[in-house]
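Enquirer: Have a look at the structure that comes next, please.
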C-alpha cells in the first residue's frame, strides 16, 4: 500500500529524506478508510518504512488488528538526491526521468546525488526477503509511490491486467501480490486509486511520485 496524502504531495515537493512530512487531514481520512476497506483481508504482520507518513498510514489498520507495525530499513522512497524538497519543473522531470530510465532497463543510471536503480532494488529486495523469511501468511507493506511502482514493475511476473507504469498510483493505492523471491511474484489485484474509495482522491494535488504521466500522453515524464 502507498501511504496517505502528505503536505509534500499537495505542494509537489520531492520529500524522500527522513523523517518526512506528516499526513494531511485527507491523508488521515484515507488511512482510516483503507483500514476499513481491507478489514476482510487476512493479515498477520504490518511493515512500514522509517518515514513518518507510513507509520501514520498504518496506524488505523494496526489498531484495528491489534498488530504492532514493524519498521524495516529498505522500504523507503527512492532517494531524490539533488532534487530533495524541490518542486520546480526541472527537478520533478529529473526525478521522474531517472525512474523512467530504470523502468526502461538502465538500472546502472544514477539519480543525481542519489542512488542507482541497482542500489534501490538491492535494498528493497533485501527488505522484502526479510518479510518473506519471517514466514507470514499475509503481510501489509506500507511504502511509497515511486518505490512501490518501480519494485513491482520490475519484479512482478507480467500480467495482462496489470496497468502500465505510466498509470497513477494514488495515495493509499493497494497492490496485492502472491509469491516469493525465488518463484517470483504474481499479481492478485491492482487498485491504483485510494483503496477506501475514489472520493478520497485529491485531483488538485501535484503529487509527482503518484503520477509519472502528468501530461496524460502515455509516456513517463
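Enquirer: Yes or no: segment 1-13 includes at least one residue that is part of a loop (DSSP other than H, G, I, E, B), touching a helix residue (DSSP H, G or I) at 6+ places or on another chain (Cβ under 8 Å) and surrounded by fewer than 17 Cβ atoms within 10 Å (Cβ to Cβ).
Expert: no
Enquirer: When segment 14-37 is examined, which residues are found to be surrounded by 19 or more Cβ atoms within 10 Å (Cβ to Cβ), in a loop (DSSP other than H, G, I, E, B) and touching a strand residue (DSSP E or B) at 6+ places or on another chain (Cβ under 9 Å)?
Expert: Residues satisfying the conditions are 15, 20, 24.
Enquirer: From the list 144, 159, which residue is in contact with a strand residue (DSSP E or B) (Cβ under 8 Å, 6 or more places away or on another chain) and under 23 Å from residue 13 (Cα atoms)? Spell out how you get there, then give the answer.
Expert: Values: 159 fails: under 23 Å from residue 13 (Cα atoms).
Just one listed residue meets the conditions, 144.
Enquirer: Search segment 178-200 for residues being outside any loop (DSSP other than H, G, I, E, B) and touching a residue at least 24 places away in the same chain (Cβ under 8 Å), and hand back the single one that is nearest to residue 4 (Cα to Cα).
Expert: 200
Enquirer: Scan segment 82-96 and give yes if some residue there is within 25 Å of residue 139 (Cβ to Cβ) and within 19 Å of the chain's Cα centre (by Cα), otherwise no.
Expert: Going through segment 82-96, the residues within 25 Å of residue 139 (Cβ to Cβ) turn out to be none.
No, the conditions are met nowhere in segment 82-96.
Enquirer: So residue 203 ticks every box in (1) in contact (Cβ under 8 Å) with a residue 12 or more places away in the chain; (2) surrounded by fewer than 14 Cβ atoms within 10 Å (Cβ to Cβ) but one. Which box is left unticked?
Expert: So residue 203 meets the others, but not (1).
All of the numbers you see were taken from the coordinates with simple rules; none came from a lab. Since we're looking at a predicted model, the values are computed, not measured. Here the Cβ is made from the backbone with ideal geometry for all residues, glycine too, and neighbour counts use every protein chain on show.
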